[in-house]
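Q: Pasting in a structure now, in structure tokens, and then I'll have a few things to ask.
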Amino acid sequence: MSFPWAKHYEPKAPVMRWIDEKLPLPRLVYNAVGAGYPVPRNLNYMWNFGVLAGFALVLQIVTGVILAMHYAPNATVAFDSVEHIMRDVNWGWMLRYAHANGASFFFVVIYLHIFRGFFYSSYKAPREMVWLLGVVLFLLLMATAFMGYVLPWGQMSFWGAKVITGLFSAIPLIGEPLQIWLLGGYAPDNAALNRFFSLHFLLPFVIAGVVILHIWALHIPGSSNPTGVEVKSESDTVPFHPYYTAKDGFGLGVFLIIYAALTFFQPNALGHPDNYIPANPLSTPAHIVPEWYFWPFYAILRAFTADLFFLPAKLLGVLAMFAAILVWFFLPWLDKSPVRSGHYRPLFRKFFWFGLIPAMAVLFWCGGAPAEEPYVMLSQIATAYYFLHFLVILPIVSAFERPEPLPFSITEAVLGSDKKAVLGENTTPAT
Amino acid sequence: MVRLIGILTGLFFTVAVLWAFATGAYTAATEGLGEKTAESEFHEHPREVAFTHDGAFGHFDRQQLQRGYQVYKEVCSACHSLRLVAFRNLSDLGYTEAEVKAEAASWQVPGIDPNTGEATTRPGTATDYFPKPFANDVAAAAANGNAIPPDLSLMAKARHDGPAYIYSLLVGYTDPATHKNEAGQTLAQTFPDSMPGAGLYFNPYFPNLNLAMAPPLTSDGQVTYADGTEASIDQMAKDVSAFLAWSAEPTLEKRKQTGWPVIGFLLFATILAFLAKKQIWAAVTPKRKD
Amino acid sequence: MATSTGTADTETLATQDGVRRRDFINIAAVSAAGVGGLATLVPLISQMAPSKDVLAESTTELDISAIEPGQAVKAVFRKQPVFVRNLTPQEIAAADAVPVSSLRDPQSLEERTKEGRSNILVTMGVCTHLGCVPLGAAEGENKGEFGGYFCPCHGSHYDTAGRIRKGPAPTNLLVPEYEFTSDTTILIG
């Protein structure tokens with residue numbers, strides 16, 4: 001679809017030809033993730049995480065649908081029904097640990113996927129829509145993960161539900177009625193648990209739908225690549241299958257090993273012990289934290305400890321937390337540098353590695369720590385840098401930076417300075 | 001335009017958070033960073049203690065679990081429930097079906113008189129769950145100086161380093177008048193307000209140092225082990241911690257045993273995937289002309 | 001995802017020796033993925049089988065001293081009804097009068113009761129046709145043409161020994177495992 005040299009689907013088996021005539025689904029798959037999709041030949045392993053995220057979504061839907069067969073979304077029995085899964089259901093312990101750690105697995109690959117996008121400026125034209133849909137996916141994923149964590153109805157579930165819906169109470173005038181409406185009561189209880197369960201079941205399918213749009217939008221311009229130079233000729237690309245299916249297969253294997261090690265040997269390492277205590281509305285755990293994948297944003301929320309004129313600290317924190325993600329929506333227009341890849345942007349690269357990455361690391365670290373010094377002050381500095389980076393540094397740097405010379409084409413970049421190198425003879429594999 | 005609004009927004013949040021930083025720094029400078037509390041000075045992390053179920057090849061010691069069960073039954077169960085465990089689960093501890101039935105029958109569980117419908121008790125059966133020592137939370141609080149003894153089924157997972165925490169708590173009771181922390185101070189000298197009040201007992205392994213549970217294991221030989229093991233306080237504490245590790249996760253052994261073949265297979269498949277990837281890419285990898 | 005298209009192109013280009021080795025690795029890798037996928041199905045399928053608490057040995061103890069001849073009681077065994085009936089001498093005689101060989105599911109009353117207690121008939125209250133609960137255990141219910149039980153769903157008639165006599169059910173009402181723990185109590189299961 002995207003390049004004139006893209007191969008066309010020519011079914012060999014009569015049965016495939018028959019299906020393709022009636023319903024061109026094989027053709028669609030062939031053009032989307034098969035040999036009919038030409039992909040830049042120079043993608044590095046940072047380009048594996050889209051496929052891995054898709055795998056994680058399937059993994060979560062499969063294990064989640066199964067857990068829903070045994071789970072009971074009712075405040076009086078929810079906790080015990082999870083323990084029923086852990087103790088009595090055949091392989092229930094494995095399915096639940098796989099689902100709980102699968103959420104972490106999902107966020108690990110999503111964060112890597114997003115940071116790949118930051119460094120290589122994958123958000124720039126003509127891929128703005130891919131990026132916007134990606135940010136929507138991230139928001140949906142966060143909502144789904146949050147509601148899923150409420151379902152076991154342990155102490156962290158309960159207080160997480162209370163604190164996160166409490167964010168909405170910061171909104172002037174309508175805040176408190178809004179929180180009560182969200183919970184269907186004055187505190188999290190049956191009504192909240194039931195609606196969170198319903199939405200936790202629904203949203204993954206919404207995510208799957210947006211994923212299809214995300215991939216669709218990607219296939220209009222085709223994938224970006226580490227040089228940021230657009231595809232110019234056929235020698236710049238290889239077909240997705242077998243080249244990237246093989247590469248993604250290997251990447252998936254590596255990731256599954258890490259995931260299995262966690263699921264089978266440290267299944268509770270990323271969880272919190274307090275969630276093995278049944279929800280108690282009368283007693284808050286001494287140190288409440290969300291799951292690790294919310295820590296940067298939780299740190300930003302907590303960094304705003306002082307009122308600014310008429311703006312209360314609570315409102316500032318909530319605004320900043322939402323703004324921290326919403327700002328990603330505007331990246332394609334904030335960063336106007338004509339060069340995409342961080343490899344050829346000396347100033348941008350320095351701010352990325354020595355500014356944004358350390359700031360995010362500090363926010364991750366402080367978000368999981370108790371609200372005491374020095375964590376609060378550190379997270380304040382990191383939060384300040386976070387906003388400066390995206391909203392101030394990026395527009396200014398992109399206006400003044402002098403980029404390094406770009407390779408003429410992907411092919412040239414692959415061949416490098418070695419004048420004797422040639423591409424593999426099989427530049428256009430017949431498939 | 002987008003960039004102008006963006007820069008202004010960015011500066012707004014930066015100013016707001018740096019204002020908070022300045023306020024915090026001023027407070028810290030004038031009042032000092034974080035006060036010392038009794039908890040921060042006297043709370044201790046659980047002791048190092050080894051269990052057979054630790055590690056990637058960990059497995060339960062059935063004899064130890066049986067001893068731990070005996071400690072639970074004879075000591076803990078007077079106040080603490082074990083509501084998520086059924087008598088049938090005791091077969092995991094190495095008891096035969098007949099022994100499980102006999103063990104279940106030695107407990108009285110709530111029942112209903114078949115003729116009158118009145119609440120009564122009857123001997124337990126294998127499918128019954130461990131009965132609760134108190135009818136409800138109010139009764140539990142009333143009988144224990146307002147502190148409700150928590151259920152123990154999941155205790156080993158509901159605390160950081162659970163089994164070691166339980167062990168440390170059981171052997172860690174000490175006299176706050178003489179107990180010295182790492183700095184060589186005693187609680188009585190440094191935080192007299194945090195001395196245990198009436199009905200409370202000092203224990204440095206408990207998060208807020210004073211708990212309502214009197215030392216449950218008070219003398220060697222408090223329990224007479226069926227297998228003849230000497231029932232020192234240390235031994236009883238270790239055994240009951242191991243038992244509670246089992247009760248929190250009866251599937252622990254199966255989990256670890258399943259993990260190895262899964263990871264072995266994944267390693268094998270990933271090496272194959274790597275080789276396949278390498279040979280597929282060989283066709284398009286740049287080569288030197290000579 | 002991975003189809004055989006990957007090997008087609010290499011075949012045309014590589015030498016004969018290379019083809020074998022290349023094919024082998026690709027086939028092995030795809031097969032390994034297939035085996036892994038199939039192995040994953042085991043927990044996904046077996047999780048729907050009865051869980052441990054359901055499978056756990058369950059028994060029902062019943063005091064039968066209050067059942068008068070001609071009466072029956074319904075009890076619950078593994079979440080299903082079980083009928084315990086104290087047969088009158090006439091009912092026993094009616095059951096014994098039928099030639100066993102003429103029955104769809106040949107069984108005598110003696111085979112369906114405990115020795116010396118042939119008046120106590122313990123059967124599952126589950127029609128062997130499609131699982132409805134037959135009538136006839138409670139006072140005043142339709143006992144069917146043969147004075148035993150009658151299933152209203154599809155018209156199966158059971159006689160006083162709980163044997164199928166007429167209608168679509170294939171076998172007699174199932175006699176669960178039970179034993180007399182005393183003269184007046186039975187333990188089912």
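The values are calculated or read from the model by the stated rules, or taken from the named source; none is laboratory data. Quick caveat, the model's predicted, so the values are computed rather than measured. Cβ: placed from backbone, ideal geometry, glycine included. Neighbour counts: every protein chain shown. Quick note on the areas: whole protein, heavy atoms, side chains included, nothing else; ligands and nucleic acids left out. Shrake-Rupley method; radii C 1.70, N 1.55, O 1.52, S 1.80 Å.
Q: When only C-alpha pairs under 8 Å and at least 6 residues apart count, what is the relative contact order of chain C, in percent?
A: Reported as a whole number, the value is 18 percent.
Q: Of the peptides A:211-221, A:32-42, C:59-69, how do they stack up when ordered by the mean number of other Cβ atoms within 10 Å, highest first?
A: Result, highest mean Cβ count within 10 Å first: A:32-42, A:211-221, C:59-69.
Q: Find, among the chymotrypsin sites (Phe, Trp or Tyr not before Pro) in region B:1-102, those assigned to loop by DSSP (not H, G, I, E, B) with at most 13 other beta-carbon atoms within 10 angstrom.
A: Of the chymotrypsin sites (Phe, Trp or Tyr not before Pro), the ones in loops of region B:1-102 whose Cβ has at most 13 other Cβ atoms within 10 Å are B:57.
Q: At 4 °C and 1.567 mPa s, grab the translational diffusion coefficient of region B:1-150 from Stokes-Einstein with a Kirkwood Rh over Cα pairs, rounded to a whole number in µm² per second.
A: 60 µm²/s
Q: Then there's this: Taking R0 as 51 Å, what's the FRET efficiency between residue A:190 and residue A:350 from their Cβ-Cβ distance, rounded to 0.05? Mind dumping the intermediate values first?
A: Working: r = 53 Å, r/R0 = 1.04.
That gives a FRET efficiency of 0.45.
Q: Any chance you could tell me what percent of the C-alpha pair distances in chain B go past 33 Å?
A: Numbers: 20419 of 41905 pairs.
The calculated P(r) of chain B puts 49 percent of pairs beyond 33 Å.
Q: Pick from A:337, A:283, A:104: which is most flexible by mean-square fluctuation in a GNM of chain A where alpha carbon atoms under 10 Å apart are linked?
A: Largest GNM mean-square fluctuation: A:283.
Q: Could you tell me the calculated FRET efficiency between residue B:106 and residue C:79, based on Cβ-Cβ distance and R0 = 45 angstrom, to the nearest 0.05?
A: Values: r = 27 Å, r/R0 = 0.61.
So the FRET efficiency works out to roughly 0.95.
Q: At 4 °C and 1.567 mPa s, what whole-number value in µm²/s does Stokes-Einstein give for the translational diffusion of region B:89-129, with Rh from the Kirkwood sum over Cα pairs?
A: 118 µm²/s
Q: Rounded, prolate or oblate: which one fits region A:27-88, using the alpha carbon gyration tensor with axes a ≥ b ≥ c (rounded when a/c is under 1.5, else prolate when a/b beats b/c, else oblate)?
A: Cα axes put region A:27-88 in the prolate bin.
Q: Further, regarding this structure: Return P(r) of the protein assembly as shown (all Cα-Cα pairs; 10 Å bins starting at 0; whole %; ordered from short to long distances).
A: Histogramming the protein assembly as shown at 10 Å steps yields 2, 9, 15, 18, 17, 15, 11, 7, 4, 1, 0 percent.
Q: Work out the mean other chain Cβ neighbour count within 10 Å for the residues of A:367-380 and drop it here as an integer.
A: Per residue, the average neighbour count from other chains is 3.
Q: In addition: Could you work out which residue, out of B:275, B:169, B:11, moves most in a Gaussian network model of chain B, that is, has the largest mean-square fluctuation with Cα springs under 10 Å?
A: Per the Cα network of chain B with a 10 Å cutoff, B:11 tops the list.
Q: Could you pull the Rg and Dmax for chain A, using just the Cα atoms, both in Å?
A: 23.9, 75
Q: Let me confirm one metric for peptide B:106-118, namely the mean number of other chain beta-carbon atoms within 10 Å of its residues' beta-carbons.
A: On the way: counts 0, 0, 0, 0, 0, 0, 0, 0, 3, 2, 0, 0, 0.
Partner-chain Cβ atoms within 10 Å, mean over residues of B:106-118: 0.
Q: Excluding residues on the same chain fewer than 8 positions from residue A:162, give the lysines whose Cα lies under 18 Å from its Cα.
A: A:314
Q: Apply the membrane-span-like helix rule to chain A: whole DSSP H runs, Cα extent along the own long axis of at least 18 Å, mean Kyte-Doolittle hydropathy at least 1.6. List the helices found. It would help to have the intermediate numbers written out before the result.
A: Details: long enough: A:49-68 (27 Å, 2.33); A:92-119 (40 Å, 0.88); A:128-150 (34 Å, 2.06); A:155-168 (21 Å, 0.80); A:190-219 (44 Å, 1.42); A:245-265 (29 Å, 1.42); A:313-329 (24 Å, 2.21); A:375-388 (19 Å, 1.12).
The answer, listed by residue number, is A:49-68, A:128-150, A:313-329.
Q: What is the distance in Å between the Cα centroid of region A:287-325 and that of region A:199-266?
A: Spelled out, the Cα-based centre of one part sits 32 Å from the other.
Q: Assuming R0 = 45 Å, can you tell me the calculated FRET efficiency for the pair residue A:205 and residue B:183, based on Cβ-Cβ distance, to the nearest 0.05? The partial results should precede the final answer.
A: Values: r = 58 Å, r/R0 = 1.28.
For residue A:205 and residue B:183, the calculated efficiency is 0.20.
Q: Would you kindly find the accessible area of residue C:153, with a 1.4 Å probe and non-protein molecules such as ligands, DNA and RNA excluded, rounding to the nearest 10 Å²?
A: Residue C:153 exposes around 70 Å² with every protein chain in place.
Q: Right, next: Rounded to whole Hz and in sequence order, give me ³J(HN,Hα) for region C:163-175 from the Karplus expression 6.51 cos²θ - 1.76 cosθ + 1.60, θ = phi - 60°, writing x for Gly and Pro.
A: Per-residue couplings from phi come out as 9, 6, 10, 7, x, x, 5, x, 9, 5, 4, 5, 8 Hz.
Q: Show me the ranking of peptides A:197-210, A:70-83 by mean Cβ neighbours inside 10 Å, starting with the highest.
A: Per-residue mean Cβ counts within 10 Å order the peptides as A:70-83, A:197-210.
Q: No other cysteine beta carbon under 4.7 Å away is the test; run it over the protein assembly as shown and list who passes.
A: Lacking a cysteine Cβ partner under 4.7 Å: A:366, B:76, B:79.
Q: Please give, to one decimal in nm, the separation of the simple spin-label points placed at residue C:68 and residue B:193, each 7 Å out from Cα toward the Cβ.
A: 7.8 nm
Q: Per-residue counts of other Cβ atoms within 10 Å, averaged by peptide: what ranking do you get for C:114-124, A:298-308, A:387-397, A:324-334, highest first? The partial results should precede the final answer.
A: On the way: C:114-124: 17.0, A:298-308: 23.9, A:387-397: 21.6, A:324-334: 18.8.
Ranking, from highest mean packing down: A:298-308, A:387-397, A:324-334, C:114-124.
Q: Ignoring any ligand, DNA or RNA, what whole percent of the accessible area of region C:76-147 comes from carbon and sulfur when the probe is 1.4 angstrom?
A: Ligands and nucleic acids excluded, carbon and sulfur give 53 percent.
Q: Then there is this: If you average the alpha carbon positions of region B:134-164 and of region A:70-114, how far apart do those two centres end up, in angstrom?
A: Here the two parts' Cα centres lie 25 Å apart.
Q: About the Cα centre of chain C, how large is the charge dipole given +1 on each Lys and Arg Cβ and -1 on each Asp and Glu Cβ? Please answer in debye to the nearest 20. Could you put the intermediate results ahead of the total?
A: Details: 16 positive and 22 negative charges, 98 e Å.
It works out to roughly 480 debye.
Q: Kindly sort A:176, B:48, B:41 by accessible area of their heavy atoms, largest first, with the probe set to 1.4 Å. Working shown, then result.
A: On the way: A:176 125, B:48 180, B:41 55 Å².
Reading off the accessible areas and sorting them downward yields B:48, A:176, B:41.
Q: Assign unit charges at the C-beta atoms only (+1 for Lys and Arg, -1 for Asp and Glu), then state the dipole size of region B:89-129 relative to its Cα centre in Debye, rounded to the nearest 20.
A: 60 debye
Q: Under the definition of partner shielding as Cβ atoms of other protein chains within 10 Å of a residue Cβ, what is the mean value for peptide A:257-265? Could you put the intermediate results ahead of the total?
A: Details: counts 7, 2, 1, 8, 5, 1, 4, 10, 8.
Mean shielding by partner chains, rounded to a whole number: 5.
Q: About the Cα centre, and with charges only on the beta carbon of Lys, Arg (+1) and Asp, Glu (-1), how big is the dipole of the protein assembly as shown? Nearest 20 debye, please.
A: Dipole of the protein assembly as shown, to the nearest 20 debye: 4040 debye.
Q: Still on this structure, please answer the following. For the pair residue B:282/residue B:232, report the inter-label distance in nm, with labels modelled 7 Å from Cα in the Cβ direction.
A: Simple spin-label model gives 6.4 nm for this pair.
Q: Follow-up question, since we're still on this one. Under a crude label model (7 Å from the Cα following the beta-carbon direction), how far is residue C:132 from residue A:417 in nanometres?
A: Going by the 7 Å Cα→Cβ label model, 8.9 nm.
Q: What shape does chain C have by the C-alpha gyration tensor, where a ≥ b ≥ c are the square roots of the eigenvalues, rounded means a/c under 1.5, and otherwise prolate means a/b greater than b/c and oblate the rest?
A: It is prolate, given that a/c is not under 1.5 and a/b is the larger ratio.
Q: If you don't mind, another one. GNM on chain C, C-alpha springs below 10 Å: top fluctuator among C:23, C:105, C:53?
A: Per the Cα network of chain C with a 10 Å cutoff, C:23 tops the list.
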